[in-house]
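Laboratory data are not the source of any read-out in this text; all were calculated from the coordinates shown. Keep in mind that what you see is a predicted model, and the values were worked out from it rather than measured. Please note: Cβ atoms are built from the backbone with ideal geometry, for glycine as well, and neighbour counts cover all protein chains shown.
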Amino acid sequence: MNNPINSAVYTTLENTPPEFMLLGSNATQGYEADAWALGLCWLHLLAVDAPYEEIMEEIKCPISLFRELCKIWCCPNDKKSSYYVLWQGALEYAPNVRTLADTLWRQLVMCGNIWEKLSENPVVRLLRNALKIKKQISKTSRRRRANNLGLKCFGELSGRGNVWDQLVRDRKEFCLLSGTEWTEVRDRAKGAGFEVLKGLLCADAGLRLTVRDVLQDHGETLFGHLRKGDDKLVNCEVVLR
């Protein structure tokens, strides 16, 4: 725990938390990655039919951004690069580069500003430049950030250009807070269920809910209705409907 991540963490690429792609080996191992994966499982349950990457299959990283990500991530001869761990763990197999780039883009689309709390690094700099960000988000208190839980839109940030325009179009459909394609998910999860979803899929790993948070603070609300009478479980699929 709290050690730099290694190549073994890149298994199911679509479940990779944003900090692993943004920071490479400067990210640390911890329960935050498990919380992100749990959030994606919860999203799958709420969506019922398919995991998010299948629902968002048509949402692709813009080709210009993809090419620039390749230059940063694909560094087989630079073992000192913080992104060499990505190469070792996933990117030696060429199709994985596209998968990881699409995953990063889909996280931007769903969650908004995924780099707000991160220090300057090559991928963060690339994203800002590609989106042609014109104004930085105003500083907010930690309490307010906790309330937003990372799933806000881009706040005061605005950009321009083709990549920004594509992001705006994609977010109209797939922003978790307001996208048209997640309307049924928000209806099924309204109340505590959606708060848990926001907390687990928080872009800021430091503010992400833990599994203990979910069980202690939301367990009865989320799972209590699965018990019926003499503690027999009801059909989960019926509950989700």
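For Y84, Y52, which order do you get if you count the other beta carbons within 10 Å of each Cβ and list the fewest first?
Working: Y84 20, Y52 24.
If I rank by nearby Cβ atoms, fewest first, I get Y84, Y52.
Note on E181, E120, E54: ascending count of other Cβ atoms within 10 Å places them as E120, E54, E181, the fewest first. Go through P51, L40, S64 and say which Cα lies farthest out towards the positive end of the charge dipole of region 31-71; charges sit on Cβ, +1 for Lys and Arg, -1 for Asp and Glu. Positive-most Cα among the choices belongs to S64.
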